[in-house]
Amino acid sequence: MKILIVEDEPKTGDYLKQGLSEAGFTADLVRNGLDGMHEGLSGAYELLVLDVNLPALDGWQVLKALRAAGRDFPVLFLTARDQVEDRVKGLELGADDYLVKPFAFSELLARVRTLLRRGRAKETGRERLALADLELDALKRRATRAGRRIDLTAKEFALLELFLRRQGEVLSRSFIASQVWDMNFDSDTNVIEVAIRRLRAKVDDGFAPKLIHTLRGMGYVMDIR
């Protein structure tokens, strides 16, 4: 799972990145609010660990921008601001949890795992997914486009479900590999390209608009263009 850390204090940021990486997560670190907002809007993250007092944009502004753009991944505020009104403000803006510095890493890790479980349960709770005339029933394992049944292998179905749950997001090859094949990314394999080419033939060929798009050097996105 991929976590974004927005923390301007060098030692704390490095400590969080190392600790979460050692706990098995993929952790990206940025050190100001503007970069945090851009990464949160463009990256495929499962969770955001966010400081409040940041250069460029503060944590409140970053969270407002992300929620306004429809990014609903869990957000954990990690800050030295310990006043009740600060906690209330963070939660009212859409944060999912609030942890005050100094903190024990074991407690932060427990909260991160709890938030990720909640986020995954919320995501998988959506049984019917759709974009344009493409529909997927996750419970019945059935996909159709314009009312016509699409026959998919298990991996193709998992790939299509990932695209629909993350529609509008740019998904990197490494993220797709970890989510669908449960493997670390290997730059020498073309399994991702082959699978997407086959899925595109079933989902897009003979239909309009096209829904699966390649962004050179970045990855793939499913949306209407």
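See the values below:
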| quantity | calculated |
| --- | --- |
| Scope region 12-27; condition out of contact with any Lys or Arg (no Cβ under 7 Å at 6 or more places or on another chain) and closer than 20 Å to Pro55 by Cβ; matching residues | Thr12, Asp14, Tyr15, Leu16, Lys17 |
| Subset tally (residues that are in contact (Cβ under 8 Å) with a residue 24 or more places away in the chain and more than 21 Å from the chain's Cα centre (by Cα)) for region 196-225 | 6 |
| Breaking point among (1) surrounded by 13 or more Cβ atoms within 10 Å (Cβ to Cβ); (2) under 21 Å from Asn32 (Cα atoms); (3) free of Cβ contacts under 8 Å to residues at least 12 places away in the same chain, for Trp60 | (3) |
| Residue match in region 21-39 (condition: assigned to a loop (DSSP other than H, G, I, E, B), out of contact with any helix residue (DSSP H, G or I) (no Cβ under 7 Å at 6 or more places or on another chain) and among the aliphatic types (A, V, I, L, M)) | no |
| Flag for Glu7 being in contact (Cβ under 8 Å) with a residue 12 or more places away in the chain and within 27 Å of Arg165 (Cβ to Cβ) | no |
| Single residue of region 204-219 satisfying the filter (touching a helix residue (DSSP H, G or I) at 6+ places or on another chain (Cβ under 7 Å) and at pLDDT 95 or above) that is surrounded by the most Cβ atoms within 10 Å (Cβ to Cβ) | Leu211 |
| Residue within region 163-176 that is closer than 22 Å to Lys2 by Cα, at pLDDT below 85 and open to solvent by less than 30 Å² (accessible area, probe 1.4 Å) present | yes |
| Qualifying positions in region 1-52 - polar (S, T, N, Q) and modelled with pLDDT under 95 | Ser21, Thr26, Ser42 |
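Matching residues to (1) aromatic (Phe, Trp, Tyr); (2) open to solvent by 60 Å² or more (accessible area, probe 1.4 Å); (3) closer than 26 Å to Arg165 by Cα:
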position	(1), (2), (3)
Gly33	no, no, no
Leu41	no, yes, yes
Ala44	no, no, yes
Leu48	no, no, yes
Val84	no, yes, no
Ala95	no, no, yes
Leu116	no, no, yes
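The values are calculated or read from the model by the stated rules, or taken from the named source; none is laboratory data. The structure displayed is predicted, hence computed values, not measured ones. Heads up, the Cβs are rebuilt from the backbone with ideal geometry, glycines too, and the neighbour counts pull from every protein chain shown. Only protein heavy atoms, including side chains, enter the accessible area calculation; ligands, DNA and RNA are left aside. Shrake-Rupley method; radii C 1.70, N 1.55, O 1.52, S 1.80 Å.
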